[in-house]
Amino acid sequence: MKILLSDAGKRYNREWIFRHFTYEFSIGNAYAITGNNGSGKSTLLQIIAGAIQHSEGTIDYAADGKNISSDAHHLHLGIAAPYLELPEEMTLIEFLEFHQSFKPFLYSLNAKSIIQILGLEKATEKQIRNFSSGMKQRVKLAQAILTDVPVVLLDEPCTNLDADGISLYHRLINEYCGERLVIVSSNDEEEFNFCNFRINIADYKN
């Protein structure tokens, strides 16, 4: 699996957020997109995810030497980000089982085993609307990292996590992401210290 951006750029009105971004992301590696708040890290990650459209250049996904159509990119990735909402009317078990119905989990994992991994057994039948922000972030990380997809995109993954939550994040990365393509958008070293490649978005300002 690889993702290739060629001369990619994003503009809002007349302002270029980044421009002339050419880079190849390949499976088995972890990449950090770094930069100050408001610098365009999240924008680049959302473009890679296909959530927003780039203004110029191209983005190509490929697996086994074959290109993947743009309308199928989402089938190959999991994403966790502060701005992505969970269905708050669902209970935890309902949400994970719903998610599994269209994107299977890794290995032999299921909704109940994932709840145990997250340490949220007491919240199994609790509506997500009643979760703390830290509990919601654990669930977001689980649905991104524990889904059986080759690409994991993480935007400020430790947002709202306490020390135990941060330890859980690193365990998930260490146990489940070694052979995948991981991209982390962050300016916090603790969130991307495992990444073997680092990209400073400031290098791609117009």
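Every number in this text was worked out from the coordinates using simple rules, so none of it is lab data. Quick caveat: nothing in here was measured; it's all calculated off a predicted structure. Using ideal geometry, Cβ is built from the backbone for each residue, glycine included, and neighbour counts are taken over all protein chains shown.
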Rounded to the nearest 500, what is the 222 nm mean residue ellipticity of the chain from helices alone, with -39500 (n - 2.57) per DSSP H run of 4+ residues and division by all residues? -8500 deg cm²/dmol
Compute the long axis of helix 92-102 from its Cα atoms, compare it with the longest principal axis of the Cα atoms of the chain, and write down the angle in degrees, 0 to 90, nearest 10. 50 degrees
For Lys122 and Arg198, calculate 0.36 nm times their separation in residues minus their Cα-Cα distance, and state this gained length in nm to one decimal. 23.5 nm
What is the angle, in °, between the Cα long axis of helix 163-176 and the longest principal axis of the Cα atoms in the chain? Nearest 10 is fine, range 0 to 90. 70 degrees
Starting from the 7 Å offset along Cα-to-Cβ, what nm value, one decimal, do you get for the label separation of Ile68 and Lys112? 3.1 nm
How large are Rg and Dmax for the range 2-204 when only the alpha carbon atoms are used, in Å? 16.8, 50
Cut-off 19 Å, label point 7 angstrom out along Cα-to-Cβ of Lys103: give me the residues of the range 181-206 whose amide nitrogen falls inside. 181-186
